[in-house]
Amino acid sequence: MLKQVQHDGWVVWVASLMLALSLVFGLALPVQARDRIVVALQLEPPTLDPTSGAAAAVKEVTYRNIYEGLTTLDTTGTAVPLLATSWTMAPDARSYVFHLRPGVRFSDGTPFDAKIVAFSLLRAIRPGSTNSMAERLSEITGVDVIDPLTVRIRLNQPDAGLAALLAWGDCVMVAPASADHLATAPVGTGPFRYRSWTRGDRLTLVRNDAYWGAKPALRTIEYRFISDPAAAYAAMKTHSVDLFPDYPAPENLAQLRADPALRITTAPSEGEVILALNNQAGPLRDLRVRRAISYALDRRAIIDGAMFGYGQPIGSHFPPQNPDYVDLTGLYPHDPAKARALLVQAGYPHGLTLTLKLPPPAYARRSGEIVAAELAAIGIKAVIVPVEWPQWLDEVYARHAYDMTIVSHAEPADYDIYGRANYYFGYDGRAVKALLDRLRATTDPGARHAILVAIQRRIAEDAVNGFLFQFPHLAVADARLTHIWANTPLQATDFTTARFAGADVADRDMHRARSWGAPLILLFTAIGFVALARAAGIGWLVRRLGILMLTLAGASVVIFALLQLAPGDPAQFMMGLQASPDAVASLRAELGLNGSVAVRYLHWISDFVRGDLGTSYAYRVPVAELIGPRLALSLPLACLAMLVSVLLGLPAAFLAARRPNGWLDRAIGGLTRLGVAIPGFWLAMILLLAFAVHLSWFPASGFPGWQAGLGPALLSLVLPTLALALPQAALIARVARAALLTEQGRDYVRTARAKGVGRGLILWRHIAPNAAAPILAIIGLQFPFLLAGSVIVENVFYLPGLGSLVVQAITARDLIVVQAVAMLMVAATVIASFLTDIAQALLDPRLRGRS
Amino acid sequence: MKRAGPILLGLIVALALLSLVWTPFDVTTIDVAHRLQSASIRHWLGTDQLGRDLLSMLMAGARPSLGVAALALMVGVAGGVPLGLLAAARPGWIDELVARCTDILFAFPAILLALLVIAVLGPGASHAALAIGLFNIPVFARVTRASARGVWTRDFILAARLAAKGPGLISFEHVLPNIAGPLITQAGLQLSLGVLAETALSFLGLGAQPPAASWGRMVADAQTLVGVAPSLVLLPGLAIVVTVTAINLTGEVLRTRVAPETGL
């Protein structure tokens, strides 16, 4: 009779599972008209204020969408009107008069006029300004308001290129009322305005219905941040992203081209990928060594190997599509013999060793491998040192502590860096500086062209760096998307006229307002306290609690100490490439990064226990705000995985233990043996590729959020749950089986069998409770394992959870966030083991006396 | 079937050692013109996205995985076993101190500790070994302490103490040999966990760096090419599964020899 009950139980489980799945599928796919575009970017902007010296990613998102400047650049790099309708330059090029567009307002209603222009420009050059163009703009001596729609700008030296300069994203127009909080609440005159931002995941802009120009066809732009080539591939294949202006995985383009629903466009960019050489570092001081390196490079092999053929070889620091470009790739053709000869001449007949520091992006890492192999062929051993961006900024850019590195310089017309004293190349650029000064003062196009050619030649002949290739814009888009313009050279995608051809395009997300239920942590705590009420003795309990507190305190010291040792300065990382040392120092003071370690630890821990987790360095928002939405994903994921692993593992163990060494036991044993040997990331990838990319049963990446509805949210968690749960289920099955079999060998079991009690009943009533201790132990340890195992799974499935937050924060040296998340995970582990102890003690009185 | 374990493991270790001196093709030579070729007479398993021979890469990839796991094991044993013996030999505040320290280390989910350590030291095989080893230390400390405490209550230990042998000498001469069983069992377990941890760290790019081959990184690099060349992803993964299973099976065989009362 017992057998029959067990058999029915199995059926009930299967039926419930089927029901749940059908419910989930049913809720998942409504149809909605398409005025929303999802754009994926590789880099997330740290703030939304392009006028405060920040990364290119800020401009990518905000320029021409939220903010506008007086002028903009067309594809040839010529200044054209935007907020200024026309301008005139004085004959001596030392003053300009700009005529402004009437009827323009900011998205908060502030009118745009000449006073705004004066405010914006003078703000950019005020003392303490962190605007990355401040040095260049400091030639402005005055901005005169002639009338509300006319300004005169006076300069302290002739500059024929002011109109083009004002097109840069750092020179956009901002209003006094909103200027202080542009980083988190941007206000501009553009066709879109800011709506919301979930850090590390997505950022949303909505149409500005009061825009002065043509009303955009799109209502919403949603930016998602995907830098991982595999996640990018999955996102495009499953059509969860509509546009990828800079697709990070060139190797997939052939496959994506074959999909009729996608359109691939390649366009040249302003990015020059260079093998930067520290001209001050030992052997690299010698021009012959630098030239040898140039001769050793096979640009075609690098482009084919790292970029799968996409990209144009370059011979100097200038992009081929620029009208002033001169082709210098023939100056140093690929000639290993000549390279070796030069090295011998320079006094290195036996070769030499140099370090090659590589920042994170795929193009750098891949090119680096190939360059190292090419240099090895001529006797230069290149030791690859991978670094994160903060380290790169600190070691390579700030302290010049490197030999070689590979990086893309993306700003347009950035050849002026070769004239700067003390730039990270360590190049003596006096000759180039002289040419640059002449260029500034020259207005005649023919003469300008000659000077620009001379600059390119000079840089190439001095072999300052190894010039590899021009980085292409590889854009992958939904084929129905039209009227999108890539506004190179300023690297902003113009969405003003973009639209989807054809109506009623199916939209995978839902927009139903629904909030998610009670936090599970409170539930666990409640259970814990109820158990405590039936306590195993107050003394034992107090001691255990004391140990718990001590452990947490000790762990906090370890976390804090470790992070202080991590190289890389958070302040430098936040300020970016262009910042002055003063600006970085003042940011350090502002973030409280000065002061002794002990004092800072005490500050942090005293705030922490009072609930103040601090403010994120990278995003400038309270850490608690960052962690909240991440927890809302990671906690349910861990709980679901735990549930699934127990539901799969325990029954498997029971089935196996019923008839030891029977065929079922062997079969389950084989499966579980496989299960504990499978690497989690591999299982996750295989599940992703099979069920999401190939079969399209589940979304391939991302989490729509609980507010998008229970169905879609759960759907995106199915595969990650399985990836986490299956190996743990195998482990639980093995441990539980062992514990059950150990008990089975005991005398009381033999007695019961002798009395004629059935096998199943013995298992349930007698063995299981006694074997509970080790089984509970392994289950109790699941939770922290799963919380941490989510680091890998969230990486593969691109989920914005706690695991990916901690990896992102470590990468960005956002120490405050790392400390908070690490403490959270540690607390979860400690509390889980505490609860397990309690549960074990409750089940087995013999354990209560133990310390 | 179980005896297949040690044989398989022996084979894998032999191939790994062989790759130190010879592989069919040099794994550091990049030959972009011949990338992504399928299996042929010349390349038995084909080539990867940079033209390197896949069979050679698999052989060479065994080195970091096994090497790092073995090194991490040694770190764990060298750090954890003495601590555990000390704690068992001197109950009282030393025991408490050791217990609390292991509690603190145990409070960290393993991969979090590894991430933090590598954030400080930078990526690399030896740093990965240290990071994983750091997590092995409390494991061995706990196992050693638990088993050693059981041995300390036995009669022959009492006899040794009466013979005025110091606790250090007793631990070394008498206790250690008697707890070898559980320790060897645990070592087998930690070795296979070490391999899985190393491949996970390599997958994230934090383990052995190029030009050294590594199974985890091979999977990561080939993720986007799975539509074109699935073997680049499947074969390294299979290599990991086979290696870990071999270690587990070997562990089971050892267990039946040295600690027959624990059966799995």
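Points to keep in mind about this one:
- Taking A:Tyr348, A:Tyr96 and counting other C-beta atoms within 10 Å, the order from fewest to most: A:Tyr348, A:Tyr96
- The protein assembly as shown, helix-only ellipticity at 222 nm - DSSP H runs n ≥ 4, -39,500 (n - 2.57), divided by all residues, nearest 500: -16500 deg cm²/dmol
- Checking every one of the trypsin sites (Lys or Arg not before Pro) in the range A:335-428 against DSSP loop status and a limit of 14 other Cβ atoms within 10 Å picks out A:Arg399.
- Between the alpha-carbon centres of the range A:727-747 and the range B:146-172 there is a gap of 33 Å.
- Principal-axis tilt of helix A:663-677 within chain A, Cα atoms, nearest 10 degrees: 30 degrees
- Cα extents for the protein assembly as shown along the principal axes, largest to smallest and rounded to whole angstrom: 111, 70, 60.
- Degrees, to the nearest 10: A:710-744 long Cα axis against longest axis of chain A: 40 degrees
- Only Lys, Arg (+1) and Asp, Glu (-1) charged, at Cβ; the range A:148-206 dipole about Cα centre in debye: 160 debye
- Centroid-to-centroid separation of the range B:80-119 and the range A:215-232 [C-alpha atoms, Å]: 46 Å
- Count of lysine pairs in chain A with Cα separation under 29 Å (8 or more residues apart, or interchain): 11
- Secondary structure note: in chain A, about 75% of the DSSP beta bridges are antiparallel.
- Counted without the sites themselves, the longest stretch of chain B free of trypsin sites (Lys or Arg not before Pro) in a DSSP loop having at most 13 other beta carbon atoms within 10 Å is B:43-153.
- Along chain B, the longest continuous region that contains none of the chymotrypsin sites (Phe, Trp or Tyr not before Pro) in a DSSP loop with at most 12 other C-beta atoms within 10 Å is B:45-264.
- Within straight-line cross-link reach of B:Lys165, aspartates and glutamates at Cα separation under 13 Å, skipping those fewer than 8 residues along the same chain: B:Glu173
- For the pair the range A:410-462 / the range A:106-163, the C-alpha centres are spaced 26 Å from each other.
- Sequence-separation-based contact order of chain A, relative, with Cα cut under 8 Å and 6+ spacing, percent: 15 percent
- Acute angle (nearest 10 degrees) that the helix A:538-565 long axis makes with the longest principal axis of chain A, alpha-carbon atoms: 20 degrees
- Average beta-carbon neighbours from other chains, 10 Å sphere, peptide B:215-224: 5
- Dipole of chain A computed with +1 at Lys/Arg Cβ and -1 at Asp/Glu Cβ about the Cα centre; of A:Phe225, A:Trp697, A:Ala372, farthest Cα towards the positive end is A:Trp697.
- B:Arg100 versus A:Glu625: modelled label distance in nm, points set 7 Å from Cα along the beta carbon direction: 3.9 nm
- Positive-end extreme of charge dipole, the protein assembly as shown - chosen from A:Phe98, A:Thr443, B:Ala16 (charges on Cβ): B:Ala16
- Extension gain (nm, one decimal) between A:Leu710 and A:Ala90, 0.36 nm per residue minus Cα-Cα: 216.8 nm
- Note: relative contact order over the range A:48-89, using C-alpha pairs below 8 Å and six or more positions apart, is 25 percent.
The numbers here are math on the coordinates, done by the rules we state, and not lab data. No experiment lies behind these values; they were computed from the predicted model shown. No Cβ is skipped: glycine too gets one built from the backbone with ideal geometry, and neighbour counts run over all protein chains shown.
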